[in-house]
Amino acid sequence: MKARTKLERRVLELGDRLPALSKAKREWAFSLFPAYGFYLKKGEVWCQCCGYLDRVLIPELAVSLEVGHTCPRCGKTITLKHLTEKDCKHEARYVSFIQRTEEWNVIRTFMAERNNPCKGEPTGYEINEVYRNWVNDDGREVVTARPYTRSPFHLTWKTWKPMQIAHHNRHCSGCYEMEDIFDPSDNWYYPRMYVTGKLRRNGWQNRFPAMDLPIVAAIRQLLTNPVAETIVKQGQINVFRHILRRGDYCLPFSHALNICHRNGYIIGDASMWFDYMELLSYFNLDTHNARYVCPADLRAEHDRLARKKDRLLARRKEAERMKKMRRDEENYARDKAAFIGLAFTDGTLTARVLGSVREFLEEGDAMHHCVYAQGYYSKPDSLILSATVGGKRMETVEVSLRTFRIVQSRAVCNGVSPYHARIINLVNQNMNLRKERKKQWKEQPNSTP
């Protein structure tokens with residue numbers, strides 16, 4: 001993409017002045033590859049660090065499998081393993097170097113590669129710069145990168161082409177989530193870092209890249225957000241990491257953080273501490289008091305208040321449920337008054353209309369089905385009966401008041417009992433009783449059909 005603004009043209013101009021990597025930086029990048037080798041047939045050992053093919057005696061090879069093998073060419077002690085078809089002979093690492101150029105902080109990202117194409121051939125090492133993240137002292141970012149091609153299955157850099165303007169490119173389609181390839185947060189970082197004076201003054205620390213932080217966001221926040229600068233200088237690094245991960249830079253309870261600073265209290269688990277502060281506010285406890293803000297055992301205090309809140313919410317939920325049940329009881333008694341108390345038996349089986357909403361609850365708990373959870377007591381065209389034998393529940397029967405037919409009959413866990421056929425026959429034989437009850441109810445002067 002062509003440079004369109006003065007800032008972008010300035011970045012491309014400064015990029016041409018950046019120095020090449022020093023020998024020490026190249027060697028550091030290549031040292032990140034693991035030292036291992038493959039043992040082959042007839043005592044052959046193929047070193048992946050230099051490509052040398054060594055031949056050792058079988059007894060010595062057995063010892064080397066336990067303690068490792070020292071390559072006679074490169075002198076490295078390598079771990080030996082089997083060579084399989086899945087083993088990749090091409091390895092790559094993204095490495096980054098942070099340096100300053102005038103008023104810009106530059107994160108230069110390179111792709112270091114190690115290739116072992118054939119046995120006995122020297123290992124090939126290569127390193128190419130693929131993109132740069134530029135952040136000036138005003139917190140504005142510009143990305144420059146080599147052209148590339150990618151799909152959900154590959155990423156190829158055109159390292160022979162010049163740098164051009166690029167943009168962060170994370171997106172998600174209906175099938176794939178494409179990561180932002182210009183995010184250097186997960187790269188390997190050279191331990192020597194050089195940043196602008198303003199960024200160093202605002203609290204930058206060279207340990208930040210090793211702390212699993214979004215590096216570009218960390219730099220920009222330190223340069224533009226006074227709250228981020230303050231909490232870093234107070235030593236609350238975990239709080240800084242928390243707000244970066246959340247992406248919410250309007251920090252709540254900033255007054256409580258000042259109390260922590262005055263009392264020398266360092267927050268270990270920022271996410272739990274903010275949850276704890278919300279619990280303090282929920283119970284109207286003083287968040288300006290160091291006794292609450294700086295607990296000696298954060299986890300214990302957090303868990304204590306969380307349990308207290310759970311109990312309170314459970315009581316409120318139970319009160320609402322009982323209130324709702326009383327309303328449902330009144331509605332059920334009014335709508336099914338014509339059928340409440342109706343029961344019939346064949347001497348062994350007894351089928352009885354459930355007389356209240358509480359009986360629906362007991363029926364659902366005993367039979368492990370959804371007669372209560374699904375609110376069958378509130379369905380105007382459903383009549384629910386409980387079929388028992390000697391007082392033991394066998395099945396729950398639903399009858400349609402519109403067609404006077406059995407809709408379903410369920411035993412424990414929606415199964416079928418040994419009395420299923422007899423229950424169906426008993427309910428069908430007494431269907432006229434329900435029709436008569438409904439007819440008599442309609443004929444009463446103050447009834448509702």
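The values are calculated or read from the model by the stated rules, or taken from the named source; none is laboratory data. Just so it is clear, the model here is predicted, and its values are computed rather than measured. Because the Cβ atoms are built from the backbone with ideal geometry, glycine has one as well, and the counts that use them run over all protein chains shown. Protein only, heavy atoms only, side chains kept; ligands, DNA and RNA dropped before computing areas. Shrake-Rupley method; radii C 1.70, N 1.55, O 1.52, S 1.80 Å.
Annotations
- Net charge, Leu21 excluded, C-beta distance under 15 Å - Lys, Arg +1, Asp, Glu -1: +4
- Applying 1/(1 + (r/R0)^6) with r as the Cβ-Cβ distance of Lys198 and His90 and R0 = 35 angstrom yields a FRET efficiency of 0.25.
- Förster radius 51 Å - calculated FRET efficiency between Leu155 and Cys370 (Cβ-Cβ, nearest 0.05): 0.50
- Karplus-based coupling profile of the stretch 408-413, in residue order and whole Hz: 7, 9, 10, 8, 4, 6, with θ = phi - 60° in 6.51 cos²θ - 1.76 cosθ + 1.60 and x standing for Gly or Pro.
- Candidate aspartates and glutamates - alpha carbon under 20 Å from Lys23, same-chain residues fewer than 8 apart omitted: Glu113, Glu126, Glu129
- Cα-based helix-to-principal-axis angle, 58-67 vs the chain, degrees rounded to 10: 70 degrees
- Rounded accessible area per residue of the chain, 1.4 Å, Å²: 56 Å²
- Burial ranking of peptide ranges 108-115, 346-353 (average Cβ count within 10 Å, highest at the top): 108-115, 346-353
- Summarising the overall dimensions of the chain from its C-alpha atoms, the Rg and Dmax are 37.1, 108 angstrom.
- Glu301/Arg246 FRET efficiency (R0 25 Å; Cβ-Cβ; nearest 0.05): 0.65
- With both labels modelled 7 Å from their Cα along Cα-to-Cβ, the Asn289 to Thr79 distance reads 5.4 nm.
- Each stretch of four or more DSSP H residues adds -39500 (n - 2.57); spread over every residue of the chain, this sum gives -11000 deg cm²/dmol at 222 nm.
- Helix 298-335 and the longest principal axis of the C-alpha atoms of the chain enclose an angle of approximately 30°.
- Listed values for the stretch 354-362 are Karplus-derived 3J(HN,Hα) couplings in whole Hz (6.51 cos²θ - 1.76 cosθ + 1.60, θ = phi - 60°), namely 5, x, 7, 5, 4, 5, 4, 4, 5, and x replaces Gly and Pro.
- Estimated Rh, the stretch 243-316: Kirkwood, alpha-carbon pairs, angstrom: 13.0 Å
- For the stretch 141-180, trypsin sites (Lys or Arg not before Pro) meeting the loop criterion (DSSP other than H, G, I, E, B) and having at most 14 other Cβ atoms within 10 Å: Lys158, Arg170.
- The order of the peptides 97-103, 398-404 by mean Cβ neighbours within 10 Å, most packed first, is 97-103, 398-404.
- Helix 215-224 axis versus longest C-alpha principal axis of the chain: approximately 90°, rounded to the nearest ten.
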